[in-house]
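Below: the structure, in structure tokens.
The values are calculated or read from the model by the stated rules, or taken from the named source; none is laboratory data. Nothing here was measured: the structure is a model prediction, and the numbers come from that model. Neighbour counts are summed over all protein chains in view; Cβ atoms, including those assigned to glycine, are modelled from backbone coordinates with ideal geometry. We work out accessible area using only protein heavy atoms, side chains counted, and drop any ligands, DNA or RNA first. Shrake-Rupley method; radii C 1.70, N 1.55, O 1.52, S 1.80 Å.
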Amino acid sequence: MNGGTLSVVATPIGNLEDMTLRALRTLKECDVIYAEDTRVISKLLARYEIKKPLQRLDAATEEKKAGEIIERLEAGEHVVYVSDAGTPGVSDPGARLVAHVRAQSPSMRIEAIPGASALTALLSIAGLESTGFTFLGFLPHKKGRQTALKEIAASALPTIVYESPHRIEKLLGEAKALGIRTITIGRELTKVHEEVVSGTPEDIEAHFREHSDRLRGEFVVILIP
């Protein structure tokens, strides 16, 4: 391997204590941190008394700044990339950056520093007995949404999606119309108001009608046809 190292570091999805020792060491040892939002990562760095140069790299600037990062790597620097929460590249920026580095500097070292992910967090406490699943990230808001939902309903495997508080009720109605049998929802995982509910679409709708104040936060949804 020649040059520097690009470390793709997973960060907490809520609870700031969910940092691995390796992730903390990597943040302390790197030369520069590129972040989806520097304001978000600054809170985490302050929690662990880490001071490093910060640069913003979000979905809109990912390809544009890839060249800048490649120059740093070729100069021998240790560059870290973090998204706002969880594992970069999983419904977050990071994948295009890594693809550019691999394409333009194939000998460069790229390492994963694994950690928190909302996807695996919910899977670990859902009690899902399945040999596999499909992960779709965020469903399309409009174009392609109905097609994706019909594919979910016809699938032999459970499907996991992320959803916003603005569309979670809409998703429940769509799931009911398509005959989805069981839904498990993880809300605000690892945070103070963490909640996991499971049942039919009708059960979940009734739950949120009774607790309308809980229609907020980050949602991970498992749909079982």
Global form of the range 42-123, assessed from the alpha-carbon gyration tensor, a/c cut-off 1.5: oblate
Positive-end residue, the range 42-83 charge dipole about Cα centroid, Cβ charges, pick of GLN55, VAL79, LEU45: LEU45
Accessible area in square angstrom per residue, the range 155-225, 1.4 angstrom probe: 47 Å²
Residue-averaged 222 nm ellipticity for the chain, from DSSP H runs of 4+ at -39500 (n - 2.57), nearest 500: -10500 deg cm²/dmol
Virtual spin-label span in nm between GLU17 and LYS176, 7 Å along Cα→Cβ: 3.9 nm
Extension gain from ASP213 to LYS64, taking 0.36 nm per residue of separation minus the Cα-Cα distance: 49.6 nm
Cα-projected label distance for HIS166 with THR134, points at 7 Å along beta-carbon direction, nm: 2.6 nm
Of all accessible heavy-atom area on the range 1-50, the percent that carbon and sulfur account for (1.4 Å): 46 percent
The range 77-142 - charge dipole about Cα centre, Lys and Arg +1 at Cβ, Asp and Glu -1, debye rounded to 20: 240 debye
Relative packing of peptides 142-149, 99-106, 165-172, 114-121 - highest average C-beta neighbours within 10 Å first: 114-121, 165-172, 99-106, 142-149
Stretchable slack from LYS28 to SER107, in nm (0.36 nm times residue separation minus alpha-carbon distance): 26.0 nm
Carbon plus sulfur fraction of accessible area for the range 58-148, probe 1.4 Å, in percent: 54 percent
Stretch gain in nm, segment GLU71-LYS142, where the contour uses 0.36 nm per residue and the Cα spacing is subtracted: 21.7 nm
For the range 1-121: accessible area per residue (Å², 1.4 Å): 49 Å²
Dimensions in Å of the chain - Rg and Dmax from alpha carbons: 19.4, 59
Unit charges at the beta carbon, dipole of the chain: most positive-side option, THR11, LEU171, ILE69: ILE69
The range 60-179: relative contact order as a whole-number percent, Cα under 8 Å and 6+ apart: 20 percent
Relative contact order of the chain, defined on C-alpha pairs under 8 angstrom at six or more residues apart (%): 22 percent
Mean Kyte hydropathy of 1.6 or more with a Cα span along the axis of at least 27 Å, helices from DSSP in the chain: none
Cα-centred dipole magnitude for the chain, charges only on beta-carbon of K, R (+1) and D, E (-1), debye, nearest 20: 340 debye
